[in-house]
Amino acid sequence: MLAVNAILVSPAAAQELELIGSARTTHQTASLTFRLSPGQSRLSEIRVRSGSLALHLEAVEIVFADGSLQRALVQESLGPGHQSRPIGIRNRQAVREIHISKRPGMRPGETVIQILGRPAR
């Protein structure tokens, strides 16, 4: 498992998606963990965006600040540069971590996977 720290990018508008975090990974990596800073933890939805390689997203696990979990079985194939369907965040609770499970790819190489989020209002 690869753990990464999230970065903060100011939104252009309140309802636009923000870049919550990004991680460079290889086609062999099966899971990634994104840790959110308190300033970006209240989200109404998230999406996963693939980089230069296609990605088969299997599941997303959201860990809330209080330790509770929300799991989503996604089973979605994303072409290079494409976004997943939105994954709604229950009760707009503060998010501590986002775990991404993906199927290792057949095409060798490195790519960047991004987490996009819509701030809760």
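Taken over region 84-100, the residue count meeting the criterion of being modelled with pLDDT under 95 and of a type in the set (S, T, N, Q) is 2.
Residue 57 - would you say it is touching a residue at least 40 places away in the same chain (Cβ under 8 Å), part of a loop (DSSP other than H, G, I, E, B) and farther than 15 Å from residue 117 by Cα?
no
Of the residues making up region 80-93, those that are of a type outside the set (D, E, K, R), assigned to a loop (DSSP other than H, G, I, E, B) and either without any contact (Cβ under 8 Å) to a residue 12 or more places away in the chain or surrounded by fewer than 20 Cβ atoms within 10 Å (Cβ to Cβ) (or both) are 80, 81, 82, 86, 93. If the Cβ limit is 6 Å and pairs must be 6+ apart or interchain, which residue in region 94-121 that is farther than 18 Å from residue 32 by Cα pairs with which residue that is among the hydrophobic types (A, V, I, L, M, F, W, C) and outside any loop (DSSP other than H, G, I, E, B)? Hits for this filter: 120/43. Listed by first and then second residue, the pairs with beta-carbon distance under 7 Å, at least 6 apart or on different chains, first residue in region 18-39 and at negative phi, second in a loop (DSSP other than H, G, I, E, B) and at pLDDT 90 or above, are 20/36; 27/53. A residue that is small (Gly, Ala, Ser), surrounded by fewer than 17 Cβ atoms within 10 Å (Cβ to Cβ), modelled with pLDDT under 90 and more than 22 Å from residue 24 (Cα to Cα) cannot be found anywhere in region 60-71. Among the residues of region 31-74, those identified as over 14 Å from the mean Cα position of the chain (by Cα) and under 30 Å from residue 107 (Cα atoms) are 52, 53, 54. Checked against (1) of a type in the set (Gly, Ala, Ser); (2) touching a helix residue (DSSP H, G or I) at 6+ places or on another chain (Cβ under 7 Å); (3) at pLDDT 85 or above, residue 52 passes all but a single condition, namely (2).
The values are calculated or read from the model by the stated rules, or taken from the named source; none is laboratory data. The model shown is predicted, which means the values in this text are computed figures rather than measured ones. Note: ideal-geometry Cβ built from the backbone for every residue, glycine included; neighbour counts use all protein chains shown.
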